[in-house]
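Inspection log for the structure reproduced underneath, given as structure tokens.
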Amino acid sequence: MSADRWLADTRTSYDTVAVSYADQLREALAGAPYLRAALALFADLVRTAGGGPVADVGCGPGHVTAHLHELGVDAFGIDLSPAMIDVARRDHPHLRFEVGSMTDLDLTDASVVGLLAFWSLIHVPDEAVPTVFGHFRRVLRPGGPLLLGFHVGDESRLKTQGYGGHPMNVHVHRRRPGQVTAWLRDAGFTVEAHMLIAPDESVPGAVLFARRQS
């Protein structure tokens, strides 16, 4: 599938479900202690790196961006879906949100001290991941921390409906931490840790900490 096609399908799908998605995820972190712990550690790493702007790439309705802000992080959000950005700005008017794509980040080189992609890589096909990670490295300062969250597995599936029964047309890619680690190393990152979440569930999650090499 061409980049234009999957990006357009992802944008349209999340424009369609934006309000329902935000309603369902608004309190999601309250019931996710391990994700909150990962975000708290990421905030500490940002402070240790000297502080500064942090990009939440694929921010959706902005609930994670807002949580990082509550932890004292100067976080801003970027999302492919204009409707998601509208919802994020509505729900968090004190924060900065922008429409943009992780495949072509409109950020200056070395302009952020940290970068987060929390379950926003799941619609990116394998062949586009190296390009995305190249942009992540480019915009991060040397030594800046990166936090990724993703579904774990070996398959992809087409999602045609979700979040209130609205139509969608996106592929959801599940990946092993080892594969993500290999892509990150090739892109110039040092991988420092990863944690498997709910390993006995049908679709476990993973969070992975990395750092841009100098």
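The single condition from (1) at positive phi; (2) in a helix (DSSP H, G or I); (3) of a type in the set (A, V, I, L, M) that residue 83 fails is (1). Does residue 112 qualify as being surrounded by 15 or more Cβ atoms within 10 Å (Cβ to Cβ), on the phi < 0 side of the Ramachandran plot and touching a Pro at 6+ places or on another chain (Cβ under 8 Å)? Yes: the conditions hold for residue 112. Taking the criterion of being outside any loop (DSSP other than H, G, I, E, B), farther than 20 Å from residue 110 by Cα and modelled with pLDDT of 95 or more, the residues of segment 30-62 that qualify are 33, 34, 35, 36, 37, 38, 39, 40, 41.
Scanning segment 63-80 for residues that are assigned to a loop (DSSP other than H, G, I, E, B) and touching a Gly at 6+ places or on another chain (Cβ under 8 Å) yields 73, 80. Only residues that are surrounded by fewer than 17 Cβ atoms within 10 Å (Cβ to Cβ) and either modelled with pLDDT under 90 or assigned to a strand (DSSP E or B) (or both): list them for segment 152-162, please. Across segment 152-162, the qualifying residues are 156, 157, 158, 159, 160, 161.
Considering segment 164-203, the residues that are part of a loop (DSSP other than H, G, I, E, B) and under 28 Å from residue 113 (Cβ atoms) include one that is nearest to the chain's Cα centre (by Cα), namely 175.
For segment 48-80, how many residues meet the condition of being of a type in the set (D, E, K, R) and open to solvent by less than 50 Å² (accessible area, probe 1.4 Å)? Going through segment 48-80 one residue at a time, the tally reaches 2. The residue that is modelled with the highest pLDDT, among those in segment 163-197 that are surrounded by 13 or more Cβ atoms within 10 Å (Cβ to Cβ) and at positive phi, is 188. Please find, among 206, 110, 210, the residue that is of a type in the set (Gly, Ala, Ser), part of a strand (DSSP E or B) and more than 28 Å from residue 17 (Cβ to Cβ). The match here is 210. The set of residues in segment 1-19 that are of a type in the set (Ser, Thr, Tyr) and either outside any helix (DSSP H, G or I) or exposed (fewer than 15 other Cβ atoms within 10 Å of the Cβ) (or both) contains only 2.
Looking only at segment 81-100, residues that are in contact with a strand residue (DSSP E or B) (Cβ under 8 Å, 6 or more places away or on another chain) and open to solvent by less than 30 Å² (accessible area, probe 1.4 Å) come to 6 in all. As for segment 135-146, it holds at least one residue that is open to solvent by 30 Å² or more (accessible area, probe 1.4 Å), assigned to a helix (DSSP H, G or I), touching a residue at least 12 places away in the same chain (Cβ under 8 Å) and in contact with a helix residue (DSSP H, G or I) (Cβ under 6 Å, 6 or more places away or on another chain). Against the list (1) over 24 Å from residue 196 (Cβ atoms); (2) out of contact with any Phe, Trp or Tyr (no Cβ under 8 Å at 6 or more places or on another chain), the condition residue 156 fails is (1).
The values are calculated or read from the model by the stated rules, or taken from the named source; none is laboratory data. Just so it is clear, the model here is predicted, and its values are computed rather than measured. No Cβ is skipped: glycine too gets one built from the backbone with ideal geometry, and neighbour counts run over all protein chains shown. Surface accessibility is based on the protein's heavy atoms, side chains included, excluding ligands, DNA and RNA. Shrake-Rupley method; radii C 1.70, N 1.55, O 1.52, S 1.80 Å.
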